[in-house]
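Reading through the structure tokens given below for one structure.
The values are calculated or read from the model by the stated rules, or taken from the named source; none is laboratory data. Because the structure is a prediction, the values reported are computed rather than measured. Cβ atoms come from the backbone with ideal geometry, glycine included; neighbour counts cover every protein chain shown. The accessibility values were calculated without ligands, DNA or RNA, using every heavy atom of the protein model including side chains. Shrake-Rupley method; radii C 1.70, N 1.55, O 1.52, S 1.80 Å.
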Amino acid sequence: MNPFKTHGIDHLSASSLNLARSNLSLWVVQYLFGERGRPSLAMIAGNAVEDGVAHGLFHPGADLEACKVIARDSFMRRTALGGFDPEAREAKLGEIVGYPAEGRRKAAPGMVATALEALRPYGVPT
């Protein structure tokens, strides 16, 4: 009997092997018992940006602000009950939707705008 099949493990990634080597008990909890830790703000931000960018790509007529609203709403919904530091949450939201120039800080377009600018020339995804 194959122990990997018994536990539903079809593939051992490099990160899985590195975790097993550095912390076997955590590897057992995560991969054999399926218990995962909460996602980080960066992971949640990535998912929220994907939501906004996907909307902008599949709806080429959608304006940038509508795509940013979708990303912002997704991020806020996913982090609402996560117990994240409010300042860190606001800073990450600024990275997603951008922020205007303020004092010495330059304006930043945000991840959604940057991704749409780079990907829209390729057309609607198939």
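Quick check of the Kirkwood formula: for the chain, what is the inverse mean of 1/r over all pairs of different Cα atoms, in Å?
So the Kirkwood estimate lands at 17.2 Å.
Can you work out ³J(HN,Hα) from phi for every residue in the stretch 28-36, in order, using Karplus 6.51 cos²θ - 1.76 cosθ + 1.60 and θ = phi - 60°, giving whole Hz and x for Gly and Pro?
4, 4, 6, 8, 8, 9, x, 8, 10
So if I place +1 on the C-beta of Lys and Arg and -1 on the C-beta of Asp and Glu, and nothing else carries charge, what would the dipole magnitude of the stretch 49-99 be about its Cα centre? I want it in debye, nearest 20.
120
Given a 1.4 Å probe and every protein chain left where it sits, what share in percent of the accessible area of the chain is carbon and sulfur?
Exposed carbon and sulfur together represent 59 percent of the surface.
Mind checking the dipole of the stretch 66-126: about its Cα centre, +1 per Lys or Arg Cβ, -1 per Asp or Glu Cβ, Debye to the nearest 20?
80
With charges set only on the Cβ (+1 for Lys and Arg, -1 for Asp and Glu), what does the dipole of the stretch 19-126 come to about its Cα centre, in debye to the nearest 20?
In total the dipole reaches around 260 debye.
Taking the solvent-accessible surface of protein heavy atoms with a 1.4 Å probe, what is the per residue accessible area of the chain in Å²?
Normalised by residue count, the accessible surface of the chain is 69 Å².
How much solvent-accessible surface does Ile70 expose, in Å² to the nearest 10, with a 1.4 Å probe and all protein chains in place?
Its heavy atoms expose roughly 60 Å² to the probe.
May I ask you to list the residues of the stretch 4-23 whose amide nitrogen lies under 17 Å from a point 7 Å from Cα along the Cα→beta-carbon direction of Glu35?
20, 23
To make sure I understand the rule: partners must be lysines, Cα under 22 Å from the Cα of Lys106, and not fewer than 8 residues away in the same chain. Which ones qualify?
Excluding near neighbours in sequence, the set is Lys68, Lys92.
How do Ser40, Ser22 rank by accessible surface area computed with a 1.4 Å probe, from largest to smallest?
Ser22, Ser40
Need one value: the accessible area of Leu24 in square angstrom, 1.4 angstrom probe, rounded to the nearest 10.
Taking all protein chains as shown, Leu24 has close to 110 Å².
With r as the distance between the Cβ atoms of Phe58 and Glu102 and R0 = 41 Å, compute the FRET efficiency 1/(1 + (r/R0)^6) and round to 0.05.
Efficiency, rounded to the nearest 0.05: 0.80.
So how do Phe4, Phe75 rank on accessible area, 1.4 Å probe, biggest first, that is with the largest at the start?
The most accessible residue leads, giving Phe4, Phe75.
When the chain is modelled as a GNM with alpha-carbon springs shorter than 10 Å, which of Glu87, Glu50, Glu65 fluctuates the most?
Glu87
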